Structures are given as C-alpha cells and as structure tokens.
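A short write-up of the structure that comes next.
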Amino acid sequence: MAKQFDVLVIGGGPGGYVAAIRAAQLGFNTACAESNPYADPKGEPRLGGTCLNVGCIPSKALLHTSHLFEEAGHAFEEQGISVGTPKIDVAKMIGRKSKIVEQLTSGIKGLFKKNKVTFLAGHGSFVGKTDGGWQVKVGEEVVEAKNVIVATGSTARHLPGIPVDNKLVCDNIGALDIDSVPKRLGLIGSGVIGLEMGSVWKRLGAEVTILEAMDSFLGAADQDLAKEALKLFTKQGLDIKLSVKVGKVTVGKKSVTVEYETKDGAQKVEFDRLIVSVGRVPNTAGLNAEAVGLKIDERGFIDVDGHNQTNLPGVWAVGDVVRGPMLAHKAMEEGVAVAETLAGQKGHTNFDTIPWVIYTSPEIAWVGKTEQQLKAEGAAYKVGKIPFMANGRALGAGTPAGFVKMIADANTDRILGVHIIGSNASELIGEAVVTMEFAGASEDLARICHAHPTLSEVVHEAALAVDKRPLHF
Ligand code: FAD
C-alpha cells in the first residue's frame with residue numbers, strides 16, 4: 001500500500017521546506033520531496049533549493065568576501081590602516097562559500113528530523129487522484145497525500161543562441177563557482193543577480209561590462225533611487241550599457257565574443273567569461289500537470305488565487321513557481337500561510353509589505369510604492385528625503401553615500417513607500433516594513449526614539465522630513 005501523508009510538499013526550497021516544517025508543527029503527517037543534483041555527503045539531494053544552494057546564501061558569502069577585499073584595498077588606507085596590497089585566493093573564497101552552503105542545507109535536514117517531516121529523495125510528479133487523496137510519484141515510489149503543496153521554484157532563463165556551459169558562459173550556478181578572477185567579465189542583464197555578481201568580480205579586479213536591453217536602469221525601483229545607484233555603480237567602475245540589443249554570441253576556447261547594438265551602432269566585445277542573468281522561469285515541466293488538469297497560466301506559472309490555492313482541490317502552490325516577486329522571504333511567507341490555512345487558520349501573505357533588497361555596495365532596499373507608481377495613480381503624497389551624509393555614524397563608518405526616501409499619504413500621513421540606498425539598507429528596511437504592516441504613519445516613526453549614533457536615525461530624520469521638520473539636515 002502507498003505511503004499516506006496529510007501533506008506532501010514537492011520541492012525543498014524556502015517555500016517548500018518552510019511549508020513542510022510549519023505543516024508538521026501544526027500536527028500534519030508531512031513529507032517533502034526534493035530531487036536537485038546538489039548531493040550532500042550521503043549522496044542525497046540537498047534541501048534549501050535555489051536560495052541556499054545557488055542563490056541568496058552563496059551570493060551573499062561572495063559579496064562579503066569581495067567587500068572585505070575592496071575595503072582592505074581602499075577604505076583601510078583612508079583610516080590609517082596599512083595592510084599592503086591585498087591578494088585574493090579565489091579557491092579559498094569559493095571553499096568558504098561552499099562550507100556555509102553545506103552547513104545550512106544539512107541544518108534543514110536536522111530541522112526536518114526535529115519537526116518530524118519525512119524527507120523523500122526524488123522527483124515528484126502527479127499520477128492521479130483516489131479516495132486517499134492525490135497520488136504523486138516520487139522517484140520510483142507512489143505516495144498519497146490529502147494535500148499537495150507544489151514548491152518547485154524556478155531556474156535561470158537562458159537565451160536562444162547563447163549556450164550556457166557554466167564554464168565560459170554561466171548562469172547563476174556557474175557564476176557562483178568561478179575559479180579565478182576573469183580579466184574581462186560580461187553580464188547580460190542588469191537585474192539584482194547581474195548587479196550582485198558584477199559587483200563581486202569587479203571588486204576582485206575584473207573589468208565588468210553589463211549589457212541591459214531596457215532603456216531604464218532598475219525599472220522596478222523608485223527612479224530617484226535607481227538614478228543614484230547608476231551614478232554610484234558607474235563611479236565604482238561597473239560599465240553599465242542600457243538599450244542594448246544583444247546579437248550573435250560566439251563561444252571560443254578561452255573567450256566569448258558578444259556582438260550587440262546600441263544607439264551608437266554595432267559593437268563587438270570579447271569577454272573571458274559571460275554571465276547570463278536575464279530573469280528566471282518557473283519549474284513546472286516534469287510535474288505531469290496536464291495529466292491531472294493543474295492550470296498553468298500563459299507565463300508558465302501555476303495559477304493560484306490569493307490564498308495559493310490552485311484550480312485543483314487540495315493542491316496548493318507557493319514561491320517562485322507562482323505569481324509575485326521571486327524572493328525567498330515571499331516564498332516562505334506563502335509556505336507558512338498555506339500550512340496555516342490547511343489547519344483552519346487565517347493564513348495570509350501581505351504583498352504590500354514585501355521588502356526588496358539588492359546587496360550591492362551601497363545596498364538598495366525598498367518596500368511599498370515608488371513615487372512613479374503613485375504619480376501614475378494620481379495619488380496625493382508627500383516625501384521626506386535625507387542623505388546618509390548628514391549622519392554621524394555613516395561618516396564614522398566611511399559610508400556616506402545614499403539616502404532614505406519616505407513617501408506618505410498627503411491626507412492621512414500613512415506611509416506608502418520607503419526607499420533606501422545606503423549602508424545596511426537591508427537591515428534598515430525592516431523598520432519601514434514593521435511600520436507599514438501596522439498601517440503606521442510617518443508621524444509614528446517621527447515620534448519614536450532612535451538610538452544615537454545609528455544609521456536608523458536617517459530613517460527617523462526622513463520621517464521628520466515628510467512633515468518638513470528634520471533636525472539634522
Ligand atoms: P527554489 O528555491 O527554486 O526551490 C525549489 C526546489 O524544488 C529546488 O530545490 C528544486 O530542485 C526542487 N524541485 C523542482 N521540481 C521538483 C520536482 N518535480 N520534484 C522534487 N523537487 C523538485 N531571494 C531573496 O529573497 N534574497 C536574495 O538575496 C536572493 N538572492 C538570489 C541570488 C541568486 C543568484 C538567485 C539565483 C536567486 C536569489 N534569490 C534571492 C531568489 C530566491 O533564491 C528564490 O526566490 C527562492 O529560492 C524561491 O524559493 P522556492 O522555494 O520557491 O524555489
């Protein structure tokens with residue numbers, strides 16, 4: 001007889017493993033199937049999905065090492081510290097990154113044991129439905145579950161005519177395992193992943209060229225912030241070319257030649273490595289979705305309602321495989337929400353307060369609406385904007401670049417959006433998220449005592465500036 005579960009999660013990334021843990025905590029007999037090729041020391045697929053294996057965590061480890069390298073090269077000297085010319089041991093940097101990945105991914109197996117989640121190694125695909133629930137084939141075995149949560153995530157989008165071998169031409173997987181600093185690195189796409197990877201190798205000494213098809217830079221961000229980012233990244237030496245039409249890409253033995261067009265005409269450039277970072281596509285192939293009638297939308301995402309319910313009763317979907325931002329914390333929120341909904345609770349994901357972060361230097365983070373969105377909606381709003389230059393802690397740390405911009409409703413003062421470019425923006429945005437989640441006003445933040453000297457005072461001053469009463473600018 002087939003193994004029976006209350007909940008079967010297909011996919012062990014942030015959406016899936018968190019959904020499985022929460023479902024088990026709520027008393028469901030839960031299993032999670034995972035089939036990726038990143039084997040752990042036991043030869044089993046690693047948990048953690050894209051995020052832990054080839055995404056958020058390894059990229060942040062490399063960003064940290066390259067940041068230290070750059071600081072040692074420039075910032076130390078300014079503060080009177082001489083360390084000589086820093087050298088980078090790329091193999092050691094990659095080894096450290098891999099150790100962190102191993103530690104975290106095996107940690108999730110430990111969390112599964114602690115929470116009594118059954119781990120099933122193997123690819124999951126729908127077979128059909130019986131009275132016992134949904135039948136899903138995992139590897140060679142068919143299991144049954146009353147509820148299935150599909151959390152199969154996404155993979156890098158590739159472009160026709162640009163074969164990715166993850167050696168000379170890389171997607172995110174190869175980009176996180178480059179074994180030496182390329183002299184000339186090309187990136188196609190100036191989104192989050194392109195900017196983060198470009199920053200890593202630029203800091204380590206590569207000449208970095210980013211080819212972007214769009215006319216605007218960071219189109220989804222507040223354009224005030226995007227303009228500042230473009231100025232700062234260009235100053236750092238990232239050669240960001242907009243309105244580029246990539247043409248023929250020729251892969252040689254040791255280099256890649258990219259032909260492209262800009263408003264200045266046809267261009268040709270040779271790179272030692274090329275990273276393709278032009279977005280991600282949802283993973284639905286191999287689920288046998290058609291056989292059970294699971295609805296996929298025209299863009300390839302599993303179709304879900306506001307509660308992550310698919311068109312099939314008892315089948316749910318979360319994370320990158322459904323609409324919404326492709327972010328690990330969004331996937332986790334949805335995973336928890338579905339598990340709690342199954343338990344009869346009011347599971348919910350608030351899309352209005354999902355923070356976005358780009359871990360460049362300076363970092364970029366925002367939550368809520370951009371000024372251009374509010375303008376397009378014809379909303380009445382007021383803005384407070386304070387530069388980090390006016391903050392003692394930022395000056396002391398040698399990180400005066402950037403600003404905090406807060407936008408509030410002109411009538412009610414409710415905060416509509418907060419946009420930060422500056423040191424530790426990824427941490428500072430948390431205060432804005434909490435305030436917005438509680439439907440707070442700029443006045444609420446203005447009346448809260450912020451520790452001195454801290455970077456959070458810039459958020460405080462921005463709140464005061466919304467009402468035109470900043471104290472330090
Ligand atoms: P995934 O993490 O993709 O996990 C899906 C899992 O399902 C995979 O392990 C896959 O092997 C498995 N699977 C697929 N099909 C099947 C099947 N049929 N049977 C069994 N298993 C299956 N997000 C952030 O929030 N912050 C960041 O800093 C950040 N940095 C990133 C950096 C990079 C380089 C990349 C590529 C992504 C980054 N992201 C970041 C995005 C983040 O990784 C994803 O949003 C997140 O991993 C989505 O989680 P998920 O659970 O939906 O899917």
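Readers should treat all values here as calculations from the given coordinates under stated rules, not as data from a laboratory. Quantities reported herein were computed from a predicted structural model and do not represent experimental measurements. Heads up, the Cβs are rebuilt from the backbone with ideal geometry, glycines too, and the neighbour counts pull from every protein chain shown.
Listed conditions (1) within 15 Å of the ligand (Cβ to nearest atom); (2) in contact with a Lys or Arg (Cβ under 8 Å, 6 or more places away or on another chain); (3) of a type in the set (Phe, Trp, Tyr) are all met by Tyr17, apart from (2).
Only one residue in Lys263, Lys254, Lys268 is in contact (Cβ under 8 Å) with a residue 60 or more places away in the chain, surrounded by fewer than 15 Cβ atoms within 10 Å (Cβ to Cβ) and on the phi < 0 side of the Ramachandran plot, so which one is that?
Details: Lys263 fails: in contact (Cβ under 8 Å) with a residue 60 or more places away in the chain; Lys268 fails: in contact (Cβ under 8 Å) with a residue 60 or more places away in the chain.
Lys254 is the lone residue from the list that is in contact (Cβ under 8 Å) with a residue 60 or more places away in the chain, surrounded by fewer than 15 Cβ atoms within 10 Å (Cβ to Cβ) and on the phi < 0 side of the Ramachandran plot.
Within segment 214-226, residues that are surrounded by 14 or more Cβ atoms within 10 Å (Cβ to Cβ) sit with their Cβ atoms under 6 Å from residues that are of a type in the set (Val, Ile, Thr), at 6+ positions apart or across chains, in these pairs: Asp222/Thr370; Leu225/Ile421.
Of all residues assigned to segment 182-193, at least one qualifies as being outside any strand (DSSP E or B), within 13 Å of the ligand (Cβ to nearest atom) and over 20 Å from Ile57 (Cα atoms). Scanning segment 286-306 for residues that are loosely packed, with under 12 Cβ neighbours inside 10 Å and within 16 Å of the ligand (Cβ to nearest atom) returns Gly286, Glu290, Ala291, Arg299. The single condition among (1) surrounded by 17 or more Cβ atoms within 10 Å (Cβ to Cβ); (2) polar (S, T, N, Q); (3) more than 19 Å from the chain's Cα centre (by Cα) that Gln79 does not satisfy is (1).
Residues in segment 308-335 that are under 21 Å from Ala432 (Cα atoms), of a type in the set (A, V, I, L, M, F, W, C), out of contact with any Pro (no Cβ under 7 Å at 6 or more places or on another chain) and in contact (Cβ under 8 Å) with a residue 60 or more places away in the chain: Met326 alone.
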